[in-house]
Structure formats: C-alpha cells, structure tokens
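**Student:** A single structure is presented below for examination.
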Amino acid sequence: MLNAETLPSTARLRLGVNIDHVATLRQARGTPYPSVLEAARVCLRAGADGITVHLREDRRHIQDNDVRILRAEPGLRLNLEMAAVSEILAIALDVRPDEVCLVPERRAERTTEGGLDAAANEAVLRPIVDALRRRNVAVSLFIEPDPRQVAAAAALGAQMIELHTGRYCELPTDTRSAEVKRLVEAARQAHRLGLQVNAGHGLTVENVVGLFEVPHLHTLNIGHSIVSRAVFIGLEAAVREMMTTLRGYAGGRP
Ligand code: PXP
C-alpha cells in the first residue's frame, strides 16, 4: 500500500553549513580574518541552504557581532544554536534568526556532547520556546533519538528536532545498525507528530551515506568536516562535495 513512507520522495535533503570553525581560526590569533561573512557567502554560492552558528556562552568561536552581521545578509537563512540561558536568549530575541536550535552546553566540553534532556527540563525550556515562537523564530531541539525526547519536543511546541548523530558517527561502521534503527524510529515518530526532522553532529561525506536509511530528513547541519576539507580543496569545493553526496538521499529508501 502506498503511504507517505512508500511514495517516492521528491524532497531534497538540505544542507546547513556550520561555520563556527572559521571563527575558531580567527579567534586563535585574534586577527580580523578569516571573515565569517565571506565564508557564509561562499557556502551559499556553493549551494548550501543555510548557515548555522553556535553562539556559546564562553564565546570561544562565534561572537555576538558575527550573528548580527550574518543576520543582516540578504538571502541568508540563519540557524542559531544556543544554550537555554537568559543571556543568549536575549540576543536571539533581539537578532531574530530564522531558526534557533536549543542545545545543551558545558563549558569544559570540546563540542556539544549529548542531546538536550527536553523531557526532564520542560519547565526551563517551555518559556524559552514560547518567547522565541512569539518573535516568529522557528524552534528546534537538539535531542538524542529517544522516543521520550521526541515526545517532549512536540509537547513543548518546538517545530523541529535535530537528531544527534554523534553516537552514530563514533561507532565503528559495522556496529552502527542499532543506532541507525533508533534514528529511523525517532524520525518516524517526529514526522507523525508533525515535527520537521533535521540531524547533525560529526557528519562527513563518508559517514553521511549511512544515514540515508533514515526517513523524513529535511536538513543536515554539518560543520567541522566541511571546514576541515576546505583546508585542502577550498570551502566552495568542500560544500559542493557535500551537496553532491546529499543528492543520493531518496527519503529513507535504499
Ligand atoms: N548540530 C548541532 C546542534 C551542533 O551542536 C553541531 C556542532 O556545533 C553541529 C550540528 C555540527 O557538528 P559538526 O561540526 O560535527 O559537523
């Protein structure tokens, strides 16, 4: 029987390029270069659908002014990753990115570790989700592929989830099937609940192909591997390479 999952998908898998590590390079020396805005423009020229930045509380890479400059760029769809804290919320409510993705944040971590515990932190998250939505900012929650977290995201009124692919990426290739199954089930559940399904963390041109079994994927947010690849082939080519790889996605059907 034909249903939403068996019909051929015409949906293209979108790419949000996370350019935090362009800013990491700049902050390492305190120089005015490399320009985050120029990097964003190159990504868009290469076909990226949007730009993602994480304004961390410790400001280790992206700075407040970067977010404002990116927001002012015509035609740039901006996704701001942020911790659920009042200082960054105030900036988000002022800048009004197209989307906010709420993430957990620990100062000592090298990068975001684990998903947001939306189920346990409903009281903290609800007013933040509400405030952003009142300002017409679409809200995503970065969560583990766990049914409790997906249900909590929907109950909180988020429009999107971003499935954390970090665990999938860290597993040896031949031991990933159980994690892929969790991602498939979380994506199905989210789709049933009316949530847009995004995913990200740790993705590369090699490992992203293994995610093509996951249905309903809308956008992948990918940063570190693209910026790393850019060292050798340039940013525009690195983004194009990823875009070409994503064309293999057929909506969860092999
Ligand atoms: N999505 C979220 C929510 C993240 O926190 C990060 C890392 O900042 C990414 C995607 C991008 O991860 P990576 O840099 O490993 O591609």
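**Student:** Considering only protein heavy atoms, what per residue accessible area in square angstrom results for the chain with a 1.4 angstrom probe?
**Tutor:** That works out to 47 Å² for each residue.
**Student:** Positive end of the dipole of the stretch 100-254, charges at C-beta (+1 Lys, Arg; -1 Asp, Glu), about the Cα centre: which of 152, 138, 234 has its Cα farthest in that direction?
**Tutor:** 138
**Student:** Something else now. Mean separation of Cα pairs under 8 Å and 6+ residues apart, divided by the residue count of the chain: what relative contact order is that in percent?
**Tutor:** 21
**Student:** Take 213, 179 and sort them by solvent-accessible surface of the protein heavy atoms, 1.4 Å probe, largest at the top.
**Tutor:** Largest to smallest exposure gives the sequence 213, 179.
**Student:** Further question on the same structure: For the stretch 36-156, restrict the atom set to alpha-carbon positions and state the Rg and Dmax in Å.
**Tutor:** According to the Cα coordinates of the stretch 36-156, Rg and Dmax are 14.4, 41 Å.
**Student:** OK, next. Need the full-extension length gain, residue 209 to residue 64, defined as separation in residues times 0.36 nm minus the C-alpha distance. One decimal, nm.
**Tutor:** Gain on stretching residue 209 to residue 64: 48.8 nm.
**Student:** So what's the stretch 100-215 giving for Rg/Rh, alpha carbon basis, Kirkwood Rh from the mean inverse pair distance?
**Tutor:** 0.97
**Student:** Over the Cα atoms of the chain, how large are the radius of gyration and the largest Cα-Cα distance (Dmax), in Å?
**Tutor:** 17.3, 59
**Student:** Now for a different question. For the pair residue 135 and residue 38, what calculated FRET efficiency results from E = 1/(1 + (r/R0)^6), where r is the Cβ-Cβ distance and R0 = 25 Å, to the nearest 0.05?
**Tutor:** That pair, residue 38 with residue 135, gives E of 0.30.
**Student:** What is the distance, in nm, between label points placed 7 Å from the Cα along the Cα-to-Cβ direction at residue 120 and at residue 28?
**Tutor:** It is 3.5 nm.
**Student:** Under 12 Å from a point placed 7 Å out from the Cα of residue 98 along the Cα-to-Cβ direction: which residues of the stretch 136-153 have their backbone N that close?
**Tutor:** Under cut-off, by backbone N: 138.
**Student:** Summarise the accessible area of the stretch 112-254 (1.4 Å probe, protein heavy atoms) by the percent that is carbon and sulfur.
**Tutor:** 54
**Student:** Between residue 14 and residues 5 or more places away or on another chain, which pairs have amide H atoms under 5 Å apart, with H built 1.01 Å from N, and which residues are they?
**Tutor:** Here 219, 220 satisfy the definition.
**Student:** Shifting gears a bit: Placing +1 at every Lys and Arg Cβ and -1 at every Asp and Glu Cβ, with all other atoms neutral, what dipole size does the chain have around its Cα centre, in debye to the nearest 20?
**Tutor:** So the dipole magnitude of the chain works out to roughly 440 debye.
The values are calculated or read from the model by the stated rules, or taken from the named source; none is laboratory data. These numbers come from a predicted model, not from an experiment. FYI the Cβ positions are ideal-geometry reconstructions off the backbone, even for glycines, and counts take in every protein chain you see. Quick note on the areas: whole protein, heavy atoms, side chains included, nothing else; ligands and nucleic acids left out. Shrake-Rupley method; radii C 1.70, N 1.55, O 1.52, S 1.80 Å.
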